[in-house]
Amino acid sequence: MPDTPPPQPGDVPELTLGVVLPPSLDPASLQDLTDALPRLLRESYPGVAWRVSMVVETLDGRAPSELLETARDRLLDEDWDLAVVVSDLALRSGRKPVLTQISPVHRVGLVALPALRAVGRRESMTTAVARLVGPLA
C-alpha cells in the first residue's frame, strides 16, 4: 500500500510534538524514532499535520515530577503543543515497573526506557511516545 502524502499546512490543524531525549540514547534508536514517529503519528491521529522536534538534554538524577516540569518548560520555551521526555529513569508503582507517566493538563508525558528494554526498546519507544500523544492532545 503506498504511503499517503502528509497533509499540507493550511488543510488541517498543525501540532508540534517536542521529544526530549537522553544523551545515552544509541544512534540506531534515535534514527528509528526520527524515521518512524512522524509516520506513526499521521497514521494514529489523522486530521492533524504533525511536526516533530527532538532535542537531547541531560536529565540525570531528576525525579519524575521534575522531568515532567522540564518537559513543560521546554514546551513553553520552544512553543511546542505537546512534549514527551524519554528518560533512563526507572519508574515504579510499588514494586511494579511503570512505562509512562503523563500530565494531560500540562500536555506533557514521560516514557521510562528501563520498562521498554524487555520488549524491544527501539520499536516500543516509538510506539510508547506516539501512544502518549492521544491523552495529551
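Placing +1 on the Cβ of every Lys and Arg and -1 on the Cβ of every Asp and Glu, with nothing else charged, gives the range 22-137 a dipole about its Cα centre of roughly 560 debye.
With the simple model of a label 7 Å out from the Cα in the direction of the Cβ, Asp11 to Asp77 spans 3.5 nm.
Could you work out the relative contact order of the chain? I mean the mean sequence separation of Cα pairs under 8 Å and 6+ apart, divided by the number of residues, in percent.
Numbers: 225 pairs, mean separation 36.6, N = 137.
Computed over the chain, the figure is 27 percent.
Could you work out the helix-only [θ] at 222 nm for the chain, with each DSSP H run of four or more residues adding -39,500 (n - 2.57) and the total divided by the number of residues, to the nearest 500 deg cm²/dmol? Mind showing how you got there, number by number?
Values: 4 runs with 53 residues, N = 137.
The helix contribution divided over the chain gives -12500 deg cm²/dmol.
When a 1.4 Å probe is rolled over the protein heavy atoms, the share of accessible surface on the range 18-137 that falls to carbon and sulfur comes to 48 percent.
Using a 10 Å cut-off on Cβ atoms, rank the peptides 47-57, 125-135, 16-26 from the highest mean neighbour count down. Please list the in-between numbers first.
Details: 47-57: 15.1, 125-135: 19.8, 16-26: 18.3.
Descending packing order for the listed peptides: 125-135, 16-26, 47-57.
Once you list every other residue whose beta carbon is under 14 Å from the beta carbon of Glu57, what net charge do they have if Lys and Arg are +1 and Asp and Glu are -1?
Net local charge, Glu57 excluded: -4.
For the chain, the orientation-averaged shadow of the C-alpha convex hull comes to 8.8 nm² (one quarter of the hull surface).
The values are calculated or read from the model by the stated rules, or taken from the named source; none is laboratory data. Please read all numbers here as calculations on a predicted model, not as lab measurements. All Cβ positions, even for glycine, are placed from backbone atoms using ideal geometry, and neighbour counts span all protein chains on display. Please note that ligands, DNA and RNA were not included when accessible areas were found on the heavy atoms of the full protein model with its side chains. Shrake-Rupley method; radii C 1.70, N 1.55, O 1.52, S 1.80 Å.
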